[in-house]
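A.B. asks: Questions regarding the structure given below will be posed in turn.
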Amino acid sequence: MKKPSFLERLTGSVNLDALDEDHFEEEGFKDEVMEGDTEEEPVSHDNLEEQQDGELPIDMYQTADAVIIRALVAGVNPEDLDIAITRDMVTLRGVREEIQEVPDEDYYHRELFWGSFSRNILLPNEVIIDEAEAKEKHGLLEITLPKVDKDRSARLTVKTHHAK
């Protein structure tokens, strides 16, 4: 029997039930317990998938006066997107709900991501939060974040109060 790699054991891509107990005794895995496991409710591969958010892939680039972030959010209602912006970070959150049209056993391939996702993006420049814009068209989210102009300066005049 082929020995599963560490990654296969970690991700659960190997049917552990098909491996014999001697294999685990030889490898020293028989008595290992994952952190957080309890005898009452062991953590399974299925439970881990439900608990973790997917990471939303993005493109980010800059123009002379803005930072642009793009992300594919097809299948997500724009009202269900949560976009939080600070001067140096953007956090995107949302849920892509699956419409179960056929039973799981009738699928040949399942590669699309369904469920909640999030992404924290550190910005290369400080941005002006109040002037940020987000647009969605055909499943492509585009966030435009105007950069803070650090070279801009203003002159202040000092006001005095004369006693009368």
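A.B. asks: Give me the residue from the range 138-164 that is surrounded by 10 or more Cβ atoms within 10 Å (Cβ to Cβ) and of a type in the set (Val, Ile, Thr) and, out of that set, modelled with the lowest pLDDT.
C.D. replies: In the first step, residues of the range 138-164 are kept if they are surrounded by 10 or more Cβ atoms within 10 Å (Cβ to Cβ); the result is 139-149.
The next check asks that each one be of a type in the set (Val, Ile, Thr); those that pass are 143-144, 148.
On the way: 143: 96, 144: 96, 148: 88.
So, considering only residues that are surrounded by 10 or more Cβ atoms within 10 Å (Cβ to Cβ) and of a type in the set (Val, Ile, Thr), the one modelled with the lowest pLDDT is 148.
A.B. asks: Counting only residues that are among the basic types (Lys, Arg) and touching an Asp or Glu at 6+ places or on another chain (Cβ under 6 Å), which one in the range 64-118 is nearest to residue 54 (Cα to Cα)?
C.D. replies: Checked the range 64-118; the qualifying residue nearest to residue 54 (Cα to Cα) is 93.
A.B. asks: For the range 95-120, which residues satisfy the criterion of being part of a strand (DSSP E or B) and in contact (Cβ under 8 Å) with a residue 24 or more places away in the chain? Please lay out each step first, then the result.
C.D. replies: Just the residues of the range 95-120 that are part of a strand (DSSP E or B), to begin with: 95-96, 115-120.
Passing the criteria: 115, 116, 117, 118, 119, 120.
A.B. asks: Does the range 90-114 hold any residues that are of a type outside the set (D, E, K, R) and closer than 16 Å to residue 71 by Cα, and which are they?
C.D. replies: Scanning the range 90-114 gives 90, 91, 92, 94, 95, 112, 113, 114.
The values are calculated or read from the model by the stated rules, or taken from the named source; none is laboratory data. Bear in mind the structure is a predicted one, so any value in this text is a computation, not a measurement. Backbone-built Cβ (ideal geometry, glycine too); neighbour counts: all protein chains shown.
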